1. Taking only pairs six or more apart or across chains, which ones have beta-carbon atoms under 6 Å, a first residue in region 38-62 that is charged (D, E, K, R), and a second residue that is part of a helix (DSSP H, G or I)?
2. Given region 172-285, what strands (runs of 3 or more DSSP E) lie entirely inside it while holding 3 or more residues that are touching a residue at least 12 places away in the same chain (Cβ under 8 Å)?
3. Considering only residues that are within 15 Å of M100 (Cα to Cα) and of a type in the set (V, I, T), which ones fall in region 122-178?
4. Report yes if some residue within region 88-96 is of a type in the set (S, T, Y) and surrounded by fewer than 16 Cβ atoms within 10 Å (Cβ to Cβ); otherwise report no.
5. With respect to L52, is the statement that it is out of contact with any Leu (no Cβ under 8 Å at 6 or more places or on another chain) and closer than 22 Å to H119 by Cα true?
6. Checking the structure you have, find out if any residue of region 79-97 is out of contact with any helix residue (DSSP H, G or I) (no Cβ under 9 Å at 6 or more places or on another chain), part of a loop (DSSP other than H, G, I, E, B) and among the β-branched types (V, I, T).
7. Any residue in region 19-33 that's part of a loop (DSSP other than H, G, I, E, B): show its pairings with residues that are β-branched (V, I, T) at Cβ separation under 8 Å, as long as the two are six or more apart or on different chains.
8. On the basis of being in a strand (DSSP E or B) and either in contact with a strand residue (DSSP E or B) (Cβ under 7 Å, 6 or more places away or on another chain) or within 25 Å of W255 (Cα to Cα) (or both), does Y54 make the cut?
Amino acid sequence: MLLGFCLKATAQWDLVACGDDKVMLIDSRKSVKGQAAIVWTWTVAEACDLPLPYRQLMVPLDECKPIDGGKKLLLTSSGGGAVLLDIKTKKVLFYAKVPMAHSAEVLPDGRIVVALSTHKAGNSIALYDITKPDRLLFKDSLYSGHGVVWDKASDRLFALGFDVLRAYELKDWTTETPRLQLVQSWKLPDEGGHDLLAIDKDELLVSAHHNVFIFNTNTGAFRVFDMLAGKEDIKSVNYNRKNKRLVYTQAEESWWTYHIYQKNPDKTIEIPGVKLYKVRVRNKN
């Protein structure tokens, strides 16, 4: 049985998980005996400000990324869309039709959404204007993209494909036609890129099919992330270097899992009946 099913979004939460048609905010401290203390939920069916055909494209949900200090959530769906959701009002602030969207990012000015598509007819990285959601600003090819992050230290956007990691610079950003310029790309030590996370001023965490790596953005070197060495099919990975807190999901049933795994402190949180993919930790800064 899921706990705290309909409590207010102002309640304490530190994890956000999504799967099938549902997003859940979770207080991991109160999650006991493997069961999740869910303090807030949202389902795609609640998105009344989205036309029905668009709602149908938002299932299953793949990624749920906290934005703006946890006031908003950026959702992507392999069904075909990206949504920016206000947590307090549950209002959809932005929507774009993105075939098989697995990851997205809001860029520093708050105006542009980057989304990755893995559709066989057009694997791509694309830019959308939040104020003009029907307008595609920029598109470039990227095979099987599953992770995208903005790195503040280098002022670059990093995007993860099936077997490649790319770095982009932003161009013409104050104009009506912003674009990305490919700066550099690196071959992954392992194929099947799953997730990407910035963990330090010059380091990214990269998960692939057979391992998880720390990537140095200055040297371009990959090294195995010891805390998950030997584990396969890590679908999402979150790591805080200061307190050594690690939160991740690992495939249990094909691509999916029903558990959130946590180190320091050690804990397994169960979400029965919901097929999870990526889980994110709230950034309160």
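The values are calculated or read from the model by the stated rules, or taken from the named source; none is laboratory data. From a predicted model like this one, the values you see are computed outputs, not experimental measurements. Virtual Cβ from ideal backbone geometry, glycine too; neighbours counted across all protein chains shown.
1. Going by the 6 Å Cβ cut-off, the qualifying pairs are R55/V44.
2. Of the strands (runs of 3 or more DSSP E) lying wholly inside region 172-285, those with at least 3 residues that are touching a residue at least 12 places away in the same chain (Cβ under 8 Å) span 179-187, 195-200, 203-207, 212-216, 234-240, 245-250, 259-263, 267-270, 276-281.
3. Selection gives I125, V148.
4. Yes - at least one qualifying residue is present in region 88-96.
5. When the stated conditions are applied, L52 passes them.
6. Yes, that holds for at least one residue.
7. As it stands, the answer is D20/V59; D20/V274; D21/T43; D21/V44; D21/V59; D27/V39; S31/I269, since those pairs meet every condition given.
8. No.
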